[in-house]
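Notes follow the structure.
The values are calculated or read from the model by the stated rules, or taken from the named source; none is laboratory data. This is a predicted model, so every value here is computed, not measured. Cβ sites come from the backbone with ideal geometry, for glycine too, and all protein chains shown count toward neighbours.
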Amino acid sequence: MYGWIWRHIPFKQWQLKSLVSALLIGAFAALLWYKVFPAVEPILPFDDVQVETDDPAGGQLEQPPSTAPSTAPSTGATSVPSRVPTKTPSAPLVLPS
């Protein structure tokens, strides 16, 4: 297709040929984008989504039982917190102007 366009453009200089071919390709893309695609959108099945399943339960699959994370038993009087402690909030930093 691009070769056919290149051969049928009447200019001899490659710069003019490339400019005209780019304009033709852009015009064709704009025609598709603004006229053809909006015209055929109502007949395309993009909004008609159907999910079919062969599950006899009617699509309700059995969920695996949820388990709580295990905790290590404490071994001494000192306990280690399970979370990393965060910094305590301090006063906002005021920069001199």
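Worth pointing out:
- Whenever a residue of the range 1-28 is surrounded by 10 or more Cβ atoms within 10 Å (Cβ to Cβ), its partners that are of a type in the set (D, E, K, R) and part of a helix (DSSP H, G or I), lying with C-beta atoms within less than 6 angstrom and at least six residues away or across chains, give the pairs ILE9/LYS17; PHE11/LYS17.
- Note on the range 27-79: among residues that are under 30 Å from ILE5 (Cα atoms) and β-branched (Val, Ile, Thr), the one that is modelled with the highest pLDDT is VAL36.
- Matching residues, the range 1-26, being modelled with pLDDT of 85 or more and hydroxyl-bearing (Ser, Thr, Tyr): SER18, SER21
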